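None of the figures in this text is laboratory data; all of them are computed from the coordinates on show. The structure presented is a predicted model; accordingly, all values stated were derived computationally and were not measured. Glycine also receives a Cβ, built like all others from the backbone with ideal geometry; neighbour counts cover every protein chain displayed.
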Amino acid sequence: MTARPSPDADEPTSDAAFRRAVAGSVGVSLAALAVTVAAATNAPVTALVGASLVASLLGAGVGHVAASRNPALSTRLGRSRLRKATVALPAVPLVAVSLASLFGRLEEAVGLVALGSAIVVVLAGYVTATMAATRYAETVTGDEPLVTCRWQPPRRPLLDGIVFAGWTVLGAMNAFEGDWFAALVWTGVALCWLVSGLIEGRFRIGETGTAPEIRVHEHGLVKQRPYAKTVVPLDDVAHVRLREGELVLDRGPFDVRFERDELEAPDDVLAALEQRLPRPTKRT
């Protein structure tokens, strides 16, 4: 099988949006760590604000310079789940501080500051990792697609709305009862659910973003969502099949599945994949 091109070989230039995302993520991470340290030393509110502002500006500058001097940063970061997860590493010590506070090792106020900071760091990192995955998909599939098919990502607006409202209500109830740790946890879960829903296409703000579609390229299948895209490298796919109304790309523990009615032309997608994959395919 023909090897897919390496993004490192071309050294693609990170776009301005990704550089801003990296700057923001690093700035938020340093600010979160700084404000948590300031809270742990019983610094006054003015010191907390000052520490966060200085650290965020410093971090933003460092992040922007790092992204600018490393043009392939986005593609390297977006290549795998493990690499994308590294952007959330600054949240680990913050979570540890929160747990220490929860078990009485530190003051409650310190734990609350750390927990709130961790939530912000995770959200900023998630957005940055998504942009990196999008850039990686663009880099490894720069050729013209073999086939393009309109796609409707799975959407359950009523259920998603109920789940989001439930977590929000739980956070409000805990806050009313004075359980601020639980209130922050549920609020963080609700925010992560909302952001992930926007990125994955479960929610969409009007007709903004790009129309969702599936594109089969020589080296990968691209899932274009309204605000992001990901690529499934075809070298990782064992075979493709239609089974019980689903189009399934078998790739070990990470199968990719599409309901037939989600795709405008599932047979065209299957035919393009059969053309690209030399391995046997199955129709069941």
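So how do Ser80, Ser52, Ser68, Ser25 line up by other beta-carbon neighbours within 10 Å, fewest first?
In increasing order of surrounding Cβ atoms, one gets Ser80, Ser68, Ser52, Ser25.
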Notebook entry, point to check: To the nearest 10 degrees, how steep is helix 157-177 against the longest Cα principal axis of the chain, on a 0 to 90 scale?
Noted result: 10
Next item on the list: Over the residues of segment 66-186, compute the C-alpha Rg and express it relative to 2.2 N^0.38 Å.
Entry: 1.43
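What do you get for trypsin sites (Lys or Arg not before Pro) in segment 45-137 restricted to DSSP loop and a cutoff of at most 12 other Cβ within 10 Å of the site's Cβ? Before the final figure, lay out each step's value.
Values: sites: Arg69, Arg76, Arg79, Arg81, Arg83, Lys84, Arg105, Arg135; in loops: Arg79, Arg105.
Answer in residue order: Arg105.
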Notebook entry, point to check: Which angle between 0 and 90 degrees, to the nearest 10, do you get for helix 45-69 versus the longest principal axis of the chain when only C-alpha atoms count?
Noted result: 30
Margin query: Output the 0 to 90 degree angle, nearest 10, between the alpha-carbon long axis of helix 266-276 and the longest principal axis computed from the alpha carbons of the chain.
Written below: 80
Check: Highest GNM mean-square fluctuation, the chain, Cα pairs closer than 10 Å: which of His239, His64, His219?
Finding: His239
Check: When the chain is treated as a GNM, springs tying every alpha-carbon pair under 10 Å, which of Pro93, Pro266, Pro233 comes out with the largest mean-square fluctuation?
Finding: Pro93
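If you keep only loop residues by DSSP, which chymotrypsin sites (Phe, Trp or Tyr not before Pro) in segment 59-142 have at most 12 other Cβ atoms within 10 Å of their Cβ? If you can, show how the numbers build up before the last one.
Values: sites: Phe103, Tyr126, Tyr136; in loops: Phe103.
Taking segment 59-142 and a limit of 12 other Cβ atoms within 10 Å, the loop chymotrypsin sites (Phe, Trp or Tyr not before Pro) found are Phe103.
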Next item on the list: Rank Gly63, Gly116, Gly166 by mean-square fluctuation in a GNM of the chain with C-alpha springs under 10 angstrom and give only the top-ranked residue.
Entry: Gly166
Next item on the list: Using the Karplus curve 6.51 cos²θ - 1.76 cosθ + 1.60 with θ = phi - 60°, work out ³J(HN,Hα) for each residue of segment 138-154 in order, rounded to whole Hz, and write x for Gly and Pro.
Entry: 5, 6, 8, 10, x, 7, 6, x, 5, 7, 10, 9, 5, 9, 10, x, x
Check: At q = 0.26, 0.27 Å⁻¹, what log₁₀ I(q)/I(0) does a Debye calculation on the Cα points of segment 213-283 give, no solvent, two decimals?
Finding: -1.40, -1.51
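Under a point-charge model restricted to the Cβ atoms of Lys and Arg (+1) and Asp and Glu (-1), what is the dipole moment magnitude of segment 213-283 relative to its Cα centre, in debye to the nearest 20? Working shown, then result.
Details: 13 positive and 15 negative charges, 40 e Å.
Result for segment 213-283 is approximately 200 debye, rounded to the nearest 20.
Label segment 150-246 by shape, choosing from rounded, prolate and oblate, from the square roots a ≥ b ≥ c of the eigenvalues of the Cα gyration tensor; if a/c is under 1.5 it is rounded, and otherwise prolate applies when a/b is larger than b/c, oblate when it is not. Write down the numbers at each step before the final one.
Working: a/c = 2.74, a/b = 2.45, b/c = 1.12.
Taking the square roots of the gyration eigenvalues as a ≥ b ≥ c, segment 150-246 is prolate.
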Next item on the list: Please report, in whole Å, how far the alpha carbons of the chain spread along each principal axis, starting with the longest.
Entry: 65, 45, 34
Check: For segment 1-140, which semi-axes, largest first and in whole Å, follow from the square roots of 5 times the eigenvalues of its Cα gyration tensor?
Finding: 34, 16, 8
